[in-house]
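Q: My questions will all concern the structure given below.
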Amino acid sequence: MRKKIVAGNWKMNTLPAEGVELAKGVARGKGEVCDCVNFIVCPPFTHLSSVIESLKGTGVAVGAQDCATEVKGAYTGEVSAQMIAALGCEYVILGHSERRQYYGETSETLNKKMERAFENNLKPIYCVGENLEEREAERHFDVVKAQIEEVVFNLSEEQFAKLVIAYEPVWAIGTGKTATAEQAEEIHAFIREVLRSKFGAAADDCAILYGGSCKPSNAGEIFSKPNVDGGLIGGAALKADDFLAIGKAF
Ligand code: PGA
């Protein structure tokens, strides 16, 4: 049985005290959701420490939204994987489309970040997905395949076993426009096939999350598909009730 995961990507939202309140709200309501659902929250760097503290013993895991390509040293403004891990983070989001689009992250960058993450026992949530132009040109399968081959295929079997993948079509992120459950299933099944060509049966254990305007009203249908193992949630992760309701959609 694959893990069911509902992960919240808070992006550059919430002030530290608000973040702690939001995290506590998730922890408080978690008892009403099936134990089978693994909740992860990914706050900004500035409140990782206080959120981790407030979630101790609740079973809600914490992830960072990014990490540096380098180990340590003269890289002003960067936050290393080792720093994140030292706080008690379990996960790190890598390759989010906003990082690829606004900060020029490439497969080369992401290969380094993956290495840093694994060196520090962080489990990466690796994001893939096509933009609108690529979808309209029916190139989405090729784009996603390349994003996986260029990065995930460099992992060892042991590393791959710790990886979570998030498929997030860029045209659905923050736009209110969700992929249909059928579109999600089609590409999730494709991703699993690509993974199987490299990692064999281990591909069946890899959680593949859907992301892009996922909310309580559409999560149930999307999560009912056999190759969708949960969601990476942006906007709807900023309200504890909505985030929890997405967990209940399983
Ligand atoms: P959204 O963001 O749910 O607000 O569309 C998802 C994401 O970018 O991870």
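Q: Ordered by residue, what ³J(HN,Hα) values in Hz, to whole numbers, does the range 64-74 give under the Karplus form 6.51 cos²θ - 1.76 cosθ + 1.60, where θ = phi - 60° and Gly and Pro are x?
A: Values per residue, Gly and Pro as x: 9, 8, 5, 8, 6, 6, 9, 6, 6, x, 7 Hz.
Q: Would you mind computing, in nm to one decimal, how far apart the modelled labels at S217 and A74 are, each placed 7 Å from Cα along Cα→Cβ?
A: Result: 5.4 nm between the two label points.
Q: Among E182, E134, which comes first, then next, by fewest other beta-carbon atoms within 10 Å?
A: Numbers: E182 11, E134 18.
So the residues, fewest neighbours to most, are E182, E134.
Q: Apply the a/c threshold of 1.5 to the C-alpha gyration tensor of the range 25-146 and tell me whether it is rounded, prolate or oblate. All intermediate terms of the calculation are to be shown ahead of the outcome.
A: Details: a/c = 2.38, a/b = 1.28, b/c = 1.86.
In terms of gyration-tensor shape, oblate.
Q: If you don't mind, there's one more thing I want to ask. Which cross-chain or sequence-distant (5 or more) residues have an amide H under 5 Å from the amide H of V41, H modelled 1.01 Å from N in plane?
A: G8, A61, V62, G63
Q: Next up: To the nearest 0.05, how large is the calculated FRET efficiency for K112 and K56 if R₀ is 30 Å and r is the Cβ-Cβ distance?
A: Taking R0 as 30 Å, the efficiency between K112 and K56 is 0.45.
Q: Across the range 7-248, what fraction of all alpha-carbon pairs, as a whole percent, falls in each successive 5 Å bin from zero upward?
A: The percentages, shortest bin first, are 1, 7, 15, 19, 21, 18, 13, 6, 1, 0.
Q: Additional query: In nanometres, what is the gap between the two model label sites at E138 and D35, each 7 Å from Cα along Cα-to-Cβ?
A: Those two pseudo-labels are separated by 4.8 nm.
Q: A further question follows. From the phi of every residue in the range 41-50, what ³J(HN,Hα) in whole Hz does the Karplus formula 6.51 cos²θ - 1.76 cosθ + 1.60 yield, where θ is phi - 60° and glycine or proline is x?
A: Coupling constants for the range 41-50: 10, 10, x, x, 3, 4, 10, 4, 4, 5 Hz.
Q: Another question about this same structure. Please work out how much length the chain gains when fully extended from E150 to E186, using 0.36 nm per residue of separation minus the C-alpha to C-alpha distance, in nm with one decimal.
A: 10.8 nm
Q: Would you work out which of G176, V6, N218 lies farthest towards the positive end of the dipole of the chain? Charges go on Cβ: Lys and Arg +1, Asp and Glu -1.
A: Among G176, V6, N218, the one farthest towards the positive end of the dipole of the chain is V6.
Q: Grab the DSSP H runs of the chain that are 4 residues or longer, score each as -39,500 (n - 2.57), total them, divide by all residues and round the 222 nm result to the nearest 500 deg cm²/dmol. Mind dumping the intermediate values first?
A: Values: 11 runs with 102 residues, N = 250.
Mean residue ellipticity at 222 nm (helix-derived): -11500 deg cm²/dmol.
Q: Another one. Which chymotrypsin sites (Phe, Trp or Tyr not before Pro) from the range 19-119 combine a DSSP loop assignment with at most 16 other Cβ atoms within 10 Å? If you can, show how the numbers build up before the last one.
A: Working: sites: F39, F45, Y75, Y91, Y102, Y103, F118; in loops: Y75, Y103.
Filter output for the range 19-119: Y75, Y103.
Q: Same structure, new question: How would you rank M1, M83, M114, going from fewest to most other Cβ atoms within 10 Å of each one's own Cβ?
A: M1, M83, M114
Bear in mind that the values in this text are calculations on the coordinates, not laboratory data. Remember, it's a predicted structure, so these values are computed and weren't measured experimentally. Don't worry about glycine lacking a Cβ; one is built from the backbone with ideal geometry, like all the others, and counts go over all protein chains shown.
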